[in-house]
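Asker: One structure coming up, written as structure tokens, with questions to follow.
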Amino acid sequence: MLKELDSIESDTLSTLDAIEDLESLEQWRIVNLGRSSSLMRVFDQLGQMPKEDRPAVGRRANEVKKALESAHSDKIENLVQINLLRSLETERLDVTLPGRPPTNGRLHPITQTMRRIYHIFGEMGFQIYLSRDVETDEYNFQLLNFPPHHPAREMQDSFYITGDYKEDNPVLLRTHTSPGQIRAMRGYTEKNPKDPPPIRIILPGMCYRYEQISARSEIQFTQVEGLAVGRNITFSDLKGTLSDFARRMFGAQVRTRFRASHFPFTEPSAEMDVECFVCEGTGCPVCKRTGWLEILGCGMVHPIVLLNGGYDPEKYTGFAFGMGPERITMLRYRVEDIRNFWANDVRFLEQF
């Protein structure tokens, strides 16, 4: 059997030298290394050989197999190089053609917008506070002045994980980043309940709402919440902070306006618009002919919310705001369909 293995190795390698194309090489591999080859039959016969002969035959058979596989790999590399040289000699090559530039990775457009928001508020002294995506009904609604059966809850249909709003305190995917306000305030007041320090934070994260997916709405979206709590904070501080943010985000010449609104966790409440940067306030389809684009909601923190967070509303005041990076990105780049941000279409993402 050892002589037969030597013969298989020498005969097989000799036939390999005559092969000149990859197709013939593949046929050689099937014939000489496939399950029906002479070499594989030797492995099948090992169990029938005398015990004293099996180690030597098995060892020699493995050596032959490795030698053939190594020769096969070398032959592939050799044929590829030969074919390349032949193609260069026989085919025309236009050396004036431009090269193909490598494709570079890039940040998602929403990530770019959020990083810009972080940078702006970081320069203003705001710190980033990360809160959880899964919340209890108490933190998501009740402590933010949304008592059970409050009519404002109808605006935010929710993904409940355990139970629903009829239970005492079910668990759900947060519908906004505002629950982080309570967790942040309680984190500060637990350390010093009598004289808690002032707060200036932004709370970015993903939110989830049970909505019909369309060009203007998604079941998941990012949001950046802002919160400032301290002594003698006024609505003028809120307007000044957000007006400065708009100038840094959209340009020094941008005009802003505030409109009265209502949110359960702020009083008074407002919505902030910026002058349409497409038509410069003259009116166009992007701004629905109004000349203004809404970018966020805001207001002074409701005394009940301050109290739930551990701050005495007789001593402390604060303001809060919430903005959607998707909406800001859509306005800046005139994106008409919010679904493009989560479709993972490279043709869309490569534009940013």
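Asker: When the residues of the stretch 82-121 are narrowed to those that are of a type in the set (A, V, I, L, M) and outside any helix (DSSP H, G or I), which ends up farthest from I19 (Cα to Cα)? Steps first, please.
Answerer: The initial filter retains those residues of the stretch 82-121 that are of a type in the set (A, V, I, L, M), namely 82, 84-85, 88, 93, 95, 97, 107, 110, 114, 117, 120.
Narrowing further to those that are outside any helix (DSSP H, G or I): 93, 95, 97, 107.
Details: L93: 28, V95: 32, L97: 35, L107: 49 Å.
Only one residue fits best here, namely L107.
Asker: When you look at H262, is it loosely packed, with under 15 Cβ neighbours inside 10 Å and at pLDDT 85 or above, yes or no?
Answerer: Yes: the conditions hold for H262.
Asker: Hey, can you tell me all the residues within the stretch 47-64 that are of a type in the set (A, V, I, L, M, F, W, C) and more than 12 Å from L5 (Cβ to Cβ)?
Answerer: Listed by number, the list holds a single entry, M49.
Asker: So the check is Cβ under 6 Å with 6+ separation or different chains; which pairs have a first residue in the stretch 234-260 that's closer than 17 Å to R332 by Cβ and a second one that's acidic (D, E)?
Answerer: Short answer, once both residue conditions are applied: V254/E275; R255/E275.
Asker: How many of the residues making up the stretch 286-308 are surrounded by fewer than 18 Cβ atoms within 10 Å (Cβ to Cβ) and under 12 Å from I182 (Cα atoms)?
Answerer: Here the count works out to 2.
Asker: Could you give me the residue pairs with C-beta distances under 7 Å whose first residue belongs to the stretch 48-77 and is more than 16 Å from S14 (Cα to Cα), whose second residue is among the β-branched types (V, I, T) wherever it lies, and which are 6+ apart or on separate chains?
Answerer: Between residues of the stretch 48-77 that are more than 16 Å from S14 (Cα to Cα) and residues that are among the β-branched types (V, I, T), the close pairs are M49/V57; A61/V42.
Here's the yes/no breakdown for (1) closer than 30 Å to R334 by Cβ; (2) exposed (fewer than 10 other Cβ atoms within 10 Å of the Cβ):
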residue	(1), (2)
S38	no, no
A71	no, no
I82	no, no
L97	no, yes
L107	yes, no
R116	yes, no
E123	yes, no
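Asker: Of everything in the stretch 1-19 that's assigned to a loop (DSSP other than H, G, I, E, B) and surrounded by 11 or more Cβ atoms within 10 Å (Cβ to Cβ), which residue is nearest to the chain's Cα centre (by Cα)?
Answerer: Checked the stretch 1-19; the qualifying residue nearest to the chain's Cα centre (by Cα) is I19.
Asker: Checking the conditions here, which among S158, S214 is surrounded by 20 or more Cβ atoms within 10 Å (Cβ to Cβ) and over 13 Å from A320 (Cα atoms)?
Answerer: When all the criteria are applied, what remains is S158.
Asker: Residues that are touching a strand residue (DSSP E or B) at 6+ places or on another chain (Cβ under 9 Å), among the β-branched types (V, I, T) and not in a loop (DSSP other than H, G, I, E, B): does the stretch 176-198 have at least one?
Answerer: no
Asker: Kindly establish whether S261 is out of contact with any Phe, Trp or Tyr (no Cβ under 7 Å at 6 or more places or on another chain) and either over 21 Å from T177 (Cα atoms) or not assigned by TED's automatic domain parsing to the domain that holds G125 (or both).
Answerer: no
Asker: Residues to consider are R174, R116, R200; find the one that is basic (K, R), under 30 Å from G240 (Cβ atoms), in contact with a Cys (Cβ under 7 Å, 6 or more places away or on another chain) and in contact (Cβ under 8 Å) with a residue 24 or more places away in the chain.
Answerer: When all the criteria are applied, what remains is R174.
Asker: Still on this model: Any chance the stretch 232-239 includes a residue that's within 20 Å of G299 (Cα to Cα), outside any strand (DSSP E or B), in the same structural domain as R339 (by TED's automatic domain parsing) and within 31 Å of the chain's Cα centre (by Cα)? Before the answer, list the steps.
Answerer: Of the stretch 232-239, the ones within 20 Å of G299 (Cα to Cα) are 232-239.
Applying the additional criterion that residues be outside any strand (DSSP E or B) yields 232-239.
When the remaining residues are screened for being in the same structural domain as R339 (by TED's automatic domain parsing), the result is 232-239.
Going one step further and asking which of them are within 31 Å of the chain's Cα centre (by Cα), we end up with 238.
Checking the stretch 232-239: at least one residue is within 20 Å of G299 (Cα to Cα), outside any strand (DSSP E or B), in the same structural domain as R339 (by TED's automatic domain parsing) and within 31 Å of the chain's Cα centre (by Cα).
Asker: Test of understanding: among E218, E225, E267, E271, which residue is among the charged types (D, E, K, R) and modelled with pLDDT under 85? Spell out the reasoning first.
Answerer: Details: E225 fails: modelled with pLDDT under 85; E267 fails: modelled with pLDDT under 85; E271 fails: modelled with pLDDT under 85.
From the options E218, E225, E267, E271, the qualifying one is E218.
Asker: Can I ask one more? When both residues are 6+ apart or on different chains and their Cβ atoms are under 8 Å apart, which pairs have a first residue that lies in the stretch 17-41 and is in contact (Cβ under 8 Å) with a residue 12 or more places away in the chain, and a second that is among the small types (G, A, S)?
Answerer: N32/S38; L39/A61
The values are calculated or read from the model by the stated rules, or taken from the named source; none is laboratory data. The model shown is predicted, which means the values in this text are computed figures rather than measured ones. Note that each Cβ is placed from the backbone with ideal geometry, even for glycine, and that neighbours are counted across all protein chains shown.
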